[in-house]
1. Rounded, prolate or oblate: pick one for segment 210-344, where a ≥ b ≥ c are the square roots of the eigenvalues of its C-alpha gyration tensor, a/c under 1.5 means rounded, and failing that, prolate if a/b is larger than b/c, else oblate.
2. Going by Cα centres, segment 96-141 and segment 151-224 are how many Å apart?
3. Could you line up Ile100, Ile326 from fewest to most neighbouring Cβ atoms inside 10 Å?
4. Which values of log₁₀ I(q)/I(0), to two decimal places, follow from the Debye formula for segment 200-284 at q = 0.17, 0.20, 0.23 Å⁻¹ with a uniform point scatterer at every Cα?
5. What is the extension gain from Ser74 to Asp328, computed as 0.36 nm multiplied by their sequence separation minus the C-alpha to C-alpha distance, in nm to one decimal?
6. Assuming a viscosity of 1.567 mPa s and a temperature of 4 °C, what translational diffusion coefficient in µm² per second does Stokes-Einstein assign to the chain, Rh being the Kirkwood radius over Cα pairs?
7. Once you have the Cα-Cα distance between Glu138 and Asp251, take 0.36 nm times their residue separation minus that, and quote the gain in nm to one decimal.
8. Based on the mean of other beta carbon atoms within 10 Å per residue, what is the order of 111-124, 329-342, most packed first?
Amino acid sequence: MNYPKYAVLLGAAAVLTAFSGCGEKAPAQTSAERDVFAMDTFMTMKAYGSGAETALEEAQQRIKQLEDELSVTSEDSDIFRINNAGGEAVEVSADAVTLIGSGVSYWNETSGALEISVYPVLAEWGFTTGNYKIPEPERLKALLANVDSGKIEVNGSSVRIPEGSKIDLGALAKGYTGDEIMDICRENGVTSAIISLGGNVQTLGKKPDGSEWRVAVKDPFAPDTNMCVLSVSDRAVVTSGNYERYFTGDDGRDYWHIIDPKDGYPADNGLVSVTVIGESGLRCDALSTALFVAGTDAAESYLREHTDVDAVLVTDDDRLLYTVGIADKLDNISGKSAEVIARD
Ligand code: ADP
Ligand code: MG
C-alpha cells in the first residue's frame, strides 16, 4: 500500500518530541529511542530504564514479524493467502487469528460499522494504490454484495472467507502492535515508555519525572495545529480522522479512507475526527474507526454504555464532544465549543 501520508506522520513524531520530556532535566537513568518505518507508518518509540535498549530491539523485531504476517499486499502474508485462497480454509499465525476474531467481534458489537471485509470497496476508490477515483454506484453495489464479516469463519488456527471477499486489518493492526510493544517493554522491566505509530500513541507508566504524558490531538480542520492535549498514563490514545488520507474528486468534494460499509462511500455521519482513550490499543483502534463510521448519535450512545474507554469527538460543524471520564485530563487549546458526554 502506498499513501501520501508522510507529512502527517512526521507531525505525529514532532508531537512526541514536544511532549515526551526532551529539553527537561535529564533523568538519571538510561533510555532508548528508535524510529521504524513499517505498516506504511513512521513509528517512533522511546523507553526508559536499564532494559530499554533490549526492549526496543525486541519491539522492532516484533513489528517486522507482524508486518510480514498481516500485510495485505506481501504475497507470503497470512492475509494475502486468506484473500487468495479461492474460498478455501488457510492455516495462519496466532496473531492473524486474534485480529480476525477481534474484527468479527467488533463488527458484531458496532452493528457492522467495523467491517474488515470492506477492502475491495476501499481498493475501488484507489485508497490501496493512490490511483484515486470516484467509483460508479453500480460497481459499489456489486462489490458490497461480498462485504460481510458474518461469513468469515475462524476455526482454531484456520480462517476461511468466501471467494470474492477480501479482508484487511488496517483499522486494527497498529493498535494490536502497540499492545505487543507495551508487553515487550514490561517484560524487560521498562516502567516508562511512549510510542507513536502514526495516529496511535501508547504510553506505559508515567514520564520518568513522575508526571503524566501529554499527548496532543490534531485539529481535523487544521491538521497542522493541535486542538487539545490529553494528560495520560498507561493509556492508548488512538485517532481516526477524515484528514489522514483523502483526495479531492473531479466534483470538488473530498473523499476519505474510512468507508461506511452500508453504502460503500466515505463515512459521513457527522464526525470528522474520533480519538479513543483506553487501556487496550487494539480496542481503541477498533473503536476509533467504528465510532467514526457509526456517527455522532451512535458514538455518543456507545460511549454512554461503555465506560472502560473515553473519547474526544469532533463534529462536522466543528464542535468538540468528550466523555466525562477524560474531562479533567483534557486541555482544550482550540477555540471550539466543548460539550461533555454525560454518563447518567
Ligand atoms: P489509520 O490507519 O489511518 O490510522 P484507522 O485506524 O481509522 O486509521 O483505519 C483506517 C483503515 O481501516 C483504512 O485505511 C482501511 O484500511 C480500513 N477501513 C476503512 N473503512 C473501514 C471500516 N468501515 N471497517 C474496517 N476497516 C476499515
Ligand atoms: Mg482504527
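1. Working: a/c = 1.74, a/b = 1.43, b/c = 1.21.
It comes out prolate by the Cα gyration axes.
2. Centre-to-centre distance over Cα atoms comes out at 19 Å.
3. Values: Ile100 25, Ile326 22.
Exposure proxy ranking, most exposed first: Ile326, Ile100.
4. Debye curve over Cα of segment 200-284, log10 I(q)/I(0) at q = 0.17, 0.20, 0.23 Å⁻¹: -0.78, -0.96, -1.13.
5. Numbers: separation 254, 0.36 × 254 = 91.44 nm, distance 4.43 nm.
Between Ser74 and Asp328, full extension yields 87.0 nm more.
6. Values: Rh = 20.4 Å.
Diffusion coefficient, whole number: 63 µm²/s.
7. Working: separation 113, 0.36 × 113 = 40.68 nm, distance 1.84 nm.
Result for the pair: 38.8 nm of gain on full extension.
8. 111-124, 329-342
Only the coordinates and a few stated rules stand behind these numbers; no lab work does. Because the structure is predicted, anything quoted here is derived from the model rather than measured. With ideal geometry, Cβ positions are generated from the backbone for all residues, glycine too; neighbour counts draw on all protein chains shown.
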